[in-house]
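For reference, the structure discussed in these notes is given below.
The values are calculated or read from the model by the stated rules, or taken from the named source; none is laboratory data. Since the model is a prediction, treat every value here as computed from it, not as a measurement. When we count neighbours, we look across all protein chains shown, and the Cβ atoms used for this are built from the backbone with ideal geometry, even at glycine. The protein model used for the area step is the full one, side chains on, heavy atoms only, and it has no ligands, DNA or RNA in it. Shrake-Rupley method; radii C 1.70, N 1.55, O 1.52, S 1.80 Å.
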Amino acid sequence: MSGFNILSPLSQFEVSSLIGVNAPILGYLNITLTNLALYSCFILLIALGLHLYGNNDSNLIPNKWSISLETSFASLSSMVREQIGAQSEIYLPFIYSLFFFILFGNLISNVPYSFAVTASGVVSLGLSVTIFIGVTILALSIHGLKFFSFFIPSGTPLALVPLLVLIELVSYLARAVSLGVRLFANIVAGHTLLKILSTYLYKLFSGSVLIAVITLIPFAIFLALIGLEIAVSLIQAFVFTLLVCSYLRDAVHLH
Amino acid sequence: MASRIAFSSMRAAARPRAAAALPRHAVRAMATSSNPPPPEQRASELMEKLPSSPGLLTKGTSAIVATGLAATAISQELYVVNEETIILVASIIFVTYLSKMIREPYKEWAEANIARIRKVLEGARAEHTHAVQHRIDNVAQLKDVVSLTQGLFAISKDTAKTEAETFVQQQKVAVAAEVKSVLDSWVRYEQQLKEAEQLDLTRTVIDRVLVDLKQEKTQRDILMQAVAEVEQLVKNKAV
């Protein structure tokens, strides 16, 4: 038991350099392929591969693979139409890409020995802040200065306007963080929990045969947590895209 | 778990006695219908599930090779068994279970959807074929339209020509009638004029005769001529 080398459960989220070039050009340019970049490439390749395979040679009648993709497309399309509006299907490609990027990132992170891209604050917060800025620019381009009426709820007494504007502004700015933190925190929490539990389970399985047999009971719970983590991967991708749709609706329609 | 093991061992212990009380063919029938398959069959089923080609490597060889490779990898520290292995095993178990659970429902759902889409598309194709056939039938009814139109055109040309000739003839008749009426009126005028002249002449002659008759000389001449004629007649009768 003394030979165990227990790492921090958070060490799985460390971004490490796999291949790097530190050339004495352009002020010692450092080009590095990190595990984050590698797994982002995996996500891209899997998304492209799945959609190319699911294209079913452009046949009109789907096969068993492409029907799942068509169904996801239909679900996302109905979500966009319900949330943003029937005239706003222009945002569907963005929402579709976003959903599958997050979904594949989450699902790949459930594969043992892999890296959780979406558990990286850079990715999650980067996505949410970028979307927040984009949505704000979109709202300003559509509504101009009228966009600022978004911060004054209708029917507000004049005396309460400064206070409510402040509250609404903080609430609006918090979207940039909350969207990313929600995804980031869920994935980090789930993976950390699995890491901690697996460490305990490994210790228990490494004990006597009797303890190993008894450990099958908590192992069954651990199996359920694995399932829960896969469900969380799907739910978080859906929640992220649903909230982005909601923000886009606010930007397009103002309330 | 322990209770289940105990229960199954009790059931296994009780089975020979129960089987002895029954005829042999009935026991065989029960074994095939309700009991699990014999261990040899289960083992062969498990071996069949192993991934390998029977022509190249036997199933057993592949299992031995896989076990040996795993043992070598672990003993040579090529693969380190740690907490990640627990996650790996749990993930494999869960994914295998999940895939077995959802395979059939997904297959049924996908096939039902594919059948629905195929039905819709085939229905649309049948409707389209029917519509095209209907259009072809409609157009086929007009297959003689060219010759018919050409005939109608020829008839219309003849009709137009006939109408033109009729018009010319009508114009000629109209001119002739006009000429006839003019001539008739001229004839009537001439006749009236002649009648008027004759009437004037007659009146003039009568008036002159009456004037002459009123003269004594004329009366005497007439009388003399009448006496002469009477004498002549008498003379002739006397002869």
Going through region A:14-60 in order, the residues found to be within 14 Å of another protein chain (Cβ to nearest Cβ) and surrounded by 14 or more Cβ atoms within 10 Å (Cβ to Cβ) are A:Gly54, A:Asn56
Looking across region A:88-118 at residues that are polar (S, T, N, Q) and more than 16 Å from A:Ser78 (Cβ to Cβ), the single one that is farthest from the other protein chains (Cβ to nearest Cβ) is A:Ser97
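Do we have any residue at all in region B:111-120 that's in a helix (DSSP H, G or I), surrounded by 10 or more Cβ atoms within 10 Å (Cβ to Cβ) and under 22 Å from the mean Cα position of the chain (by Cα)? Break it down stepwise before answering.
At the first step, the residues of region B:111-120 found to be in a helix (DSSP H, G or I) are B:111-120.
Going one step further and asking which of them are surrounded by 10 or more Cβ atoms within 10 Å (Cβ to Cβ), we end up with B:111-120.
Narrowing further to those that are under 22 Å from the mean Cα position of the chain (by Cα): B:120.
The answer is yes; a qualifying residue exists.
Here is a list: A:Ser246, A:Ser206. Which entry is over 30 Å from A:Ile142 (Cα atoms) and small (Gly, Ala, Ser)? It would help to see each step written out before you state the result.
Numbers: A:Ser246 fails: over 30 Å from A:Ile142 (Cα atoms).
Among A:Ser246, A:Ser206, only A:Ser206 is over 30 Å from A:Ile142 (Cα atoms) and small (Gly, Ala, Ser).
Tell me whether region B:125-138 contains one or more residues that are among the acidic types (Asp, Glu), within 14 Å of chain A (Cβ to nearest Cβ) and exposed (fewer than 12 other Cβ atoms within 10 Å of the Cβ). Outline the logic, then answer.
Keep residues of region B:125-138 that are among the acidic types (Asp, Glu), which gives B:127, B:137.
Then keep just the ones that are within 14 Å of chain A (Cβ to nearest Cβ); that gives none.
Among the residues of region B:125-138, not one is among the acidic types (Asp, Glu), within 14 Å of chain A (Cβ to nearest Cβ) and exposed (fewer than 12 other Cβ atoms within 10 Å of the Cβ), which makes the answer no.
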Exception for A:Gly207 within (1) more than 9 Å from every other protein chain (Cβ to nearest Cβ); (2) within 18 Å of A:Tyr113 (Cβ to Cβ); (3) open to solvent by 20 Å² or more (accessible area, probe 1.4 Å) falls at (2)
Counted residues in region A:170-210 being more than 17 Å from B:Val81 (Cβ to Cβ) and of a type in the set (D, E, K, R) come to 2
Can you tell me which of A:Ile95, A:Ile67 is free of Cβ contacts under 8 Å to residues at least 12 places away in the same chain, open to solvent by less than 40 Å² (accessible area, probe 1.4 Å) and of a type in the set (A, V, I, L, M)? A:Ile67
Does A:Tyr172 satisfy being modelled with pLDDT of 90 or more and either assigned to a helix (DSSP H, G or I) or farther than 16 Å from A:Tyr247 by Cα (or both)? yes
Unmet criterion (only one of (1) within 12 Å of chain B (Cβ to nearest Cβ); (2) crowded, with 20+ Cβ neighbours inside 10 Å; (3) closer than 25 Å to A:Val117 by Cβ) for A:Leu193: (2)
For residues that are more than 9 Å from chain B (Cβ to nearest Cβ), under 20 Å from B:Val81 (Cβ atoms) and surrounded by 15 or more Cβ atoms within 10 Å (Cβ to Cβ), tally how many sit in region A:211-231. 1
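Mind checking which residues of region A:136-151 are touching a Leu at 6+ places or on another chain (Cβ under 8 Å) and farther than 18 Å from A:Ser246 by Cα? So that I can check it myself, show each step before the final result.
First pass over region A:136-151, keeping only residues touching a Leu at 6+ places or on another chain (Cβ under 8 Å): A:138-139, A:143, A:146-147, A:149-151.
Residue satisfying the conditions is A:Lys146 alone.
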Go through (1) touching a residue at least 60 places away in the same chain (Cβ under 8 Å); (2) of a type outside the set (D, E, K, R); (3) within 14 Å of chain B (Cβ to nearest Cβ) and name the single condition A:Val123 misses. (3)
Six or more apart or on different chains, Cβ under 6 Å: which pairs go from a residue in region A:145-171 that's under 22 Å from A:His253 (Cβ atoms) to one that's open to solvent by less than 70 Å² (accessible area, probe 1.4 Å) and of a type in the set (Phe, Trp, Tyr)? Could you list them? A:Val165/A:Phe151; A:Glu168/A:Phe151; A:Leu169/A:Phe151
Scanning region A:166-187 for residues that are among the aliphatic types (A, V, I, L, M) and crowded, with 21+ Cβ neighbours inside 10 Å, which turns out farthest from A:Gln236 (Cα to Cα)? A:Leu179
Tell me yes or no: at least one residue of region A:137-151 is of a type outside the set (S, T, N, Q), open to solvent by 30 Å² or more (accessible area, probe 1.4 Å) and under 25 Å from A:Val188 (Cα atoms). no
